[in-house]
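Since the structure comes first, as structure tokens, the remarks are kept for the end.
The values are calculated or read from the model by the stated rules, or taken from the named source; none is laboratory data. These numbers come from a predicted model, not from an experiment. Note that we place each Cβ from the backbone using ideal geometry, even for glycine, and neighbour counts take in every protein chain shown. Surface areas here come from the heavy atoms of the whole protein model, side chains and all, with no ligands, DNA or RNA. Shrake-Rupley method; radii C 1.70, N 1.55, O 1.52, S 1.80 Å.
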Amino acid sequence: MALRIRSMLLLLLILAVLLGGWQIAATPAAATGPALDPEYAKLLGASAQQGQQTPMPRPSDIAARAWHHLQDPFYIHGANDQGLGIQLGWSLLRVLTGFGLAALVAIPLGFLVGMSPVVHGALDPIIQVLRPVSPLAWMPLALYTIRDSGISAIFVIFICAIWPMLLNTSFGVASVRREWLNVARTLEAGPWRTAFTVILPAAAPTIMTGARISIGIAWLVIVAAEMLVGGTGIGYFVWNQWNNLAIADIVVAILVIGLVGMALDQLLGRAARAVAWRE
Amino acid sequence: MARAWLSVEGIARRYGGRPVFRDVWFGVERGEFVALIGHSGCGKTTILNILAGLEAPDAGTIVIDGRQVSGPALDRAVIFQSHALLPWLSALGNVAFAVRSRHRDWPRGRVQDHARRVLDLVGLSDAAGRKPAELSGGMKQRVGIARALAIEPSLLLMDEPFSALDALTRGTLQDEVLRLVSDAGQTAFMITHDVDEAILLADRILLITNGPDARVAEVVVNTLPRPRDRQTIHRTPGHYALRNHIVDFLVTRSRTLAGARPEGWDGRRVPEVRPADLAIKETIN
């Protein structure tokens with residue numbers, strides 16, 4: 001317990017130093033040099049010539065933007081101006097749909113691959129070739145065949161989430177102890193009963209590990225996918241704020257993406273613990 | 001020759017062209033307890049797996065009650081050496097899994113009740129809710145025994161069921177099995193490498209030579225009277241002769257008899273010996 005408190009204090013200290021340093025470093029020094037009338041400077045294009053950039057937001061600016069977004073996360077003001085909550089909702093919907101579909105395909109297929117050496121031998125080359133392909137490489141093909149950017153994004157999530165679950169399921173199923181299968185055989189349990197009451201629980205921890213990796217990848221990919229397809233979602237939000245040069249909003253979005261990703265991982269982690277067993 | 005209830009007829013197993021064992025014949029009558037004893041590598045476990053229907057012999061057949069064995073069946077229960085409990089189920093769940101297999105039409109409550117009763121029988125009522133990881137080695141094997149008995153098999157097969165246990169636990173569990181098997185008049189076949197275990201439990205002890213090309217070289221009839229008690233059995237007349245005979249076999253003859261069969265050898269007529277009776281007769285004379 002004392003350890004946790006000490007870790008917590010250290011964490012607060014690190015955050016204070018980092019954010020404090022950032023705050024000070026990003027606060028602009030008082031303007032030097034000849035002051036120009038801003039209107040005049042603009043006419044001359046002087047602001048560009050002087051190389052003035054959109055300033056890096058300070059932590060206080062970011063906190064203010066975060067507060068602003070938190071106050072009304074679910075507003076919809078037209079297609080290009082929707083609340084952060086709405087955008088997150090879109091992303092989550094796509095990730096969960098793609099992930100769910102991937103699980104529906106990967107787990108039964110993984111069973112088949114894990115149980116049949118013939119199927120394993122046949123599908124393994126396909127899996128090995130497709131697995132390392134960046135999911136975004138599928139995007140043009142998806143857009144071309146599906147002709148719907150929203151569904152294409154879901155397809156990209158599906159294709160990236162399927163591999164870890166497929167590989168882990170087949171590995172988990174293939175490594176179920178021979179003796180447990182023998183128990184089922186001596187008890188004359190049929191194939192379905194054996195699959196659901198022996199193989200599935202035996203492989204469940206491995207399958208859940210795959211699912212956890214999958215959802216992590218899906219959440220990584222959705223941001224990039226939404227930057228490409230646009231319209232809605234947290235990835236589109238980031239891209240939109242970049243076009244607006246609203247750097248503080250981008251940082252807020254980054255934080256939110258991290259928090260949601262962590263929440264998804266912990267959710268799956270909890271599910272993994274629920275099906276874990278030890279000998 | 002009348003066929004025994006369980007009749008093993010000339011089974012063989014080859015590994016890479018060479019026979020591990022071949023021409024193995026023996027019978028087990030109803031209510032009989034038969035043990036098979038031999039060194040590792042002679043295919044003992046394979047013979048048990050063939051009896052269970054988990055493996056098929058490369059030659060020969062097994063006939064039980066007039067029907068040829070073609071696969072695993074609920075009337076043959078196996079107690080595995082490594083207990084083979086399903087680790088995600090509780091002790092009760094493991095037994096209930098077997099009960100449900102036997103009685104598919106039983107409602108949940110009845111299955112649980114029956115499983116609980118069998119767990120009581122092996123003295124595990126208090127540990128019913130615990131997972132295998134939370135049980136000691138002896139308790140795990142008790143669950144394994146309960147799971148086998150729960151389906152009321154006509155043949156109980158045991159693959160060195162106590163070899164992974166410490167001596168004390170092994171003794172208690174042997175007593176337990178002795179009690180359960182004789183109470184139920186259970187037909188049983190056991191693989192072991194423990195001479196005292198075989199003498200305590202079995203009516204007949206098959207002695208198998210070392211592999212490869214192993215065979216059942218002798219059948220020792222255990223004439224020590226029942227009920228047998230682990231505490232006093234070593235004082236029973238004939239016990240020493242019986243024990244020495246088997247130990248001698250394991251130490252020397254399992255090796256010297258290995259390989260080539262003597263002339264006129266017939267796997268169907270394996271010599272039967274009664275060392276205990278012989279010794280008693282000698283002392284009387």
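For chain B, the Cβ-based charge dipole about the Cα centre amounts to some 480 debye (Lys, Arg positive; Asp, Glu negative; other atoms uncharged).
Our summary gives chain B a relative contact order of 23 percent, counting only alpha carbon pairs under 8 angstrom and 6 or more residues apart. Ranking B:SER70, B:THR169, B:GLY109 by how far each Cα lies toward the positive end of the dipole of chain B (charges on Cβ) leaves B:GLY109 at the top. In chain A, excluding the sites themselves, the longest stretch lacking any of the trypsin sites (Lys or Arg not before Pro) that are in a DSSP loop with at most 12 other Cβ atoms within 10 Å is A:1-146. Using the Cβ-Cβ distance between A:LEU93 and B:SER163 with R0 = 41 Å, the FRET efficiency computed as 1/(1 + (r/R0)^6) comes to roughly 0.10. In this assembly, the B-A interface accounts for approximately 1900 Å² of buried accessible surface in total, computed with a 1.4 Å probe and without ligands, DNA or RNA.
The angle separating the long axis of helix A:117-130 from the principal Cα axis of greatest extent in chain A is about 10 degrees. In the stretch A:122-279, a dipole from Cβ-located charges (positive for Lys and Arg, negative for Asp and Glu) runs towards its positive end, and of A:PRO125, A:PRO140, A:GLY172 it is A:GLY172 whose Cα lies farthest in that direction.
Which positions within the stretch B:32-68 get 10 Å² or more of their accessible surface covered by the other protein chains, compared to the chain by itself, with a 1.4 angstrom probe? Residues shielded by partner chains are B:LEU54. Of the residues making up the stretch B:91-117, those losing 20 Å² or more of accessible area when the isolated chain is joined by the remaining protein chains, with a 1.4 Å probe, are B:PHE97, B:SER101, B:ARG104. Computed in the context of the full set of protein chains, the accessible area of chain B at 1.4 Å probe radius has 49% of its extent on carbon or sulfur. Accessible area of B:THR169 (1.4 Å probe, protein heavy atoms only, ligands and nucleic acids ignored): about 40 Å². Per-atom-type breakdown for the stretch A:169-279 gives carbon and sulfur 68% of the accessible area (1.4 Å probe, protein chains only). On a 0 to 90° scale, report how tilted helix A:247-275 is relative to the longest principal axis of chain A, with both axes built from alpha carbons and the result rounded to the nearest 10. Relative to chain A, helix A:247-275 is tipped by roughly 20 degrees. Each label was represented as a point 7 Å from its Cα along the Cα-to-Cβ direction; for B:THR256 and B:ASP105 these points are 6.0 nm apart.
Model label sites at B:SER154 and B:HIS234, defined 7 Å from Cα along the beta-carbon direction, differ in position by 4.0 nm. Placing unit charges on the Cβ atoms only, positive for Lys and Arg and negative for Asp and Glu, gives the stretch B:1-124 a dipole magnitude near 280 debye about its Cα centre. Solvent exposure of the protein assembly as shown, expressed per residue, is 51 Å² of accessible area, with all protein chains present and a 1.4 angstrom probe. A Förster distance of 56 Å, applied to the separation of the beta-carbon atoms of A:VAL129 and B:ASP277, puts the FRET efficiency at 0.15. Helical content alone sets the calculated 222 nm signal of chain B at -10000 deg cm²/dmol, taking -39,500 (n - 2.57) per DSSP H segment of four or more residues and averaging over every residue.
For A:LEU143, the solvent-accessible surface with a 1.4 Å probe is about 70 Å², rounded to the nearest 10. Prolate is the label for the protein assembly as shown. Its Cα gyration tensor axes, ordered a ≥ b ≥ c, give a/c of at least 1.5 and a/b above b/c.
Surface calculation, 1.4 Å probe, protein heavy atoms: B:HIS103 sits at approximately 40 Å² accessible. Using only the Cα atoms of chain A, build the gyration tensor, take square roots of its eigenvalues as a ≥ b ≥ c, and label the shape rounded, prolate or oblate: rounded if a/c is under 1.5, else prolate if a/b is larger than b/c, else oblate. Prolate.
Just to confirm the number: angle between the C-alpha axis of helix B:91-102 and the first principal axis of chain B, 0 to 90 degrees, nearest 10? Between the helix axis and the principal axis of chain B, the angle is about 80 degrees.
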